[in-house]
Amino acid sequence: MVFSKLKSIFSNKEIPYGIRLITKVTSIRWFGWGFAETLIPVLLFSYGNSFAEAGLLNAAVDITFILSLPIIGMFADKVRATTLILIGAFLYIFVGLGYFLTGVTGMVIFLVLARLINGVSWGLDVVGRDTYFRRHVDKSKIATAFGYFDTVANFWWVVSAIIGIFLVKYFSITNLLFLITPFAVISLLVVSKFRKKEEKIHPVATQKFSINFLKEIKDWSLMLKSIVGFNFLISFTGAVVIFFLPIEVYRDGGSLTLVILMGIAYILPTLTGWSLGKLFDTKGYKTLGTSLIIFALLLLSLSFLTSFSWRIAIMFIISIILELISVGSNELITATATPEHFGRVEGVMKSITTIGAMMGPLIVGILIDMTSASSAYISLAVIIFSLAIIFKVLDRQGFIEKYVFIER
């Protein structure tokens, strides 16, 4: 039944050809990442002496991602979205090489360089892809389109990760990460060929883009500002779970195979992205409040339930919640921002949420080193529960209905 459902999603002709092609390009590249991406936290932890240092190495990607996104967002309003994807695919070639040289030389500088380049390539890929989607998908179906992408691309990542369970017994983490390079080359060739055939060009943005995040956000609507704060806190918390749970499993004596299984448990729910997108298209924002409450309770449970079976179950359930929030947030942004400024909004929004993803492992890493993991999870649970209360209050006052869905 599951495979028949996936087959119907993969061959769905309701999704525009360009969306399916861009999804294919990303799937190829993610297949190369899947072999060992879940082991990156362990690799970073092995080069650091604490959770805080591992968080600092992890932040290298986020730093260049944040610095490059405003500029990328500006160009996304003026050039073909596939141009950004093309450049990003080219840079990913050097990301794989950087990880490989880290293993060959043992020098941390190549690890840092790979992470820094990854931040720029990630920014080009994300903004290019998301901008392309918003230019070619009906506004009422945007969550479904993003859900389709998540389902297909993550399916191939999971297949690759399963293969990685067997390969990690014979190859090092850095050697497996080198596989990023050949698959990046293949995706580069595919998107290059597609770029010559079909793509709509959106009108150039009328306003000048400001690299100053706060100044840019100051001119946004109240709803867009609220979405920024919401996404910041979610990315802050989600990054901690994704990064530190695998490290805890490995530090407590778990094998690399168990670490990969943790990653697969996190990614598997993204295969439901198609269904979750449709759920949000029909049920709307009301699903988010309940999801936040469940999220808070799961974080709280991590403070006293530390077995591997429970941790992997938590990883799985939290991933479902984050996936729903992700596809829902994409629709909220699309419904709120003006079409000619999708690229600008996307760039700044991604910058703010990435600051959250960067600060999460750094701050919580320091907190774990100073106190304990249990204290950190309790603190995160309080943050998410507070966010759930705020969301429920705004819902009852009709804030969300007024500012987002009034035109529906």
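The values are calculated or read from the model by the stated rules, or taken from the named source; none is laboratory data. Because the structure is a prediction, the values reported are computed rather than measured. So basically every Cβ, Gly included, is an ideal-geometry build from the backbone, and we count neighbours across all protein chains shown.
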- Message: Go through (1) modelled with pLDDT of 70 or more; (2) among the β-branched types (Val, Ile, Thr); (3) farther than 29 Å from VAL364 by Cα for THR338 and report which single condition fails.
- Response: (1)
- Note on the structure: Counting only residues in region 136-151 that are surrounded by 24 or more Cβ atoms within 10 Å (Cβ to Cβ) and among the hydrophobic types (A, V, I, L, M, F, W, C), the one modelled with the highest pLDDT is identified as PHE149
- Query: Tell me, which helices (runs of 4 or more DSSP H) lie completely within region 68-168 with 3 or more residues that are over 22 Å from LEU271 (Cβ atoms) and among the small types (Gly, Ala, Ser)?
  - Reply: 81-105, 108-136
- Task: Under 7 Å between Cβ atoms, at least 6 apart or on separate chains: pull out the pairs that start in region 227-246 with a residue that is more than 15 Å from ILE325 (Cα to Cα) and end on any residue that is among the basic types (Lys, Arg).
- Result: LEU245/ARG311
- Looking only at region 53-65, which residues are under 12 Å from PHE243 (Cβ atoms) and small (Gly, Ala, Ser)? ALA54, GLY55, ALA59
- Note on the structure: Taking region 113-135 and keeping residues polar (S, T, N, Q) and at pLDDT 90 or above leaves ASN118, SER121
- Task: Could you tell me whether VAL79 is out of contact with any Gly (no Cβ under 7 Å at 6 or more places or on another chain) and at pLDDT 95 or above?
- Result: no
- Is there any pair with a first residue in region 147-163 that is among the polar types (S, T, N, Q) and a second that is surrounded by fewer than 24 Cβ atoms within 10 Å (Cβ to Cβ) and at pLDDT 90 or above whose Cβ atoms are under 6 Å apart and which are 6 or more apart or on different chains, and what are they? SER160/PHE31
- Query: Out of the residues in region 276-293 that are surrounded by 15 or more Cβ atoms within 10 Å (Cβ to Cβ) and over 19 Å from the mean Cα position of the chain (by Cα), which is modelled with the highest pLDDT?
  - Reply: ILE293
- Residues satisfying the stated conditions in region 250-262, i.e. part of a helix (DSSP H, G or I) and either farther than 18 Å from ILE165 by Cβ or at pLDDT below 90 (or both): ARG251
- Query: Residues in region 368-390 that are of a type in the set (Val, Ile, Thr) and either touching a Lys or Arg at 6+ places or on another chain (Cβ under 8 Å) or within 14 Å of ILE234 (Cβ to Cβ) (or both): how many?
  - Reply: 3
- Query: How many residues are at pLDDT below 90 and either of a type outside the set (Val, Ile, Thr) or touching a Phe, Trp or Tyr at 6+ places or on another chain (Cβ under 6 Å) (or both) if we restrict to region 296-307?
  - Reply: 5
- Quick check: anything in region 204-222 over 25 Å from THR354 (Cα atoms), at pLDDT below 70 and assigned to a helix (DSSP H, G or I)? no
- Conditions (1) surrounded by fewer than 16 Cβ atoms within 10 Å (Cβ to Cβ); (2) at pLDDT below 85; (3) not in a loop (DSSP other than H, G, I, E, B); number of the one not met by SER375: (2)
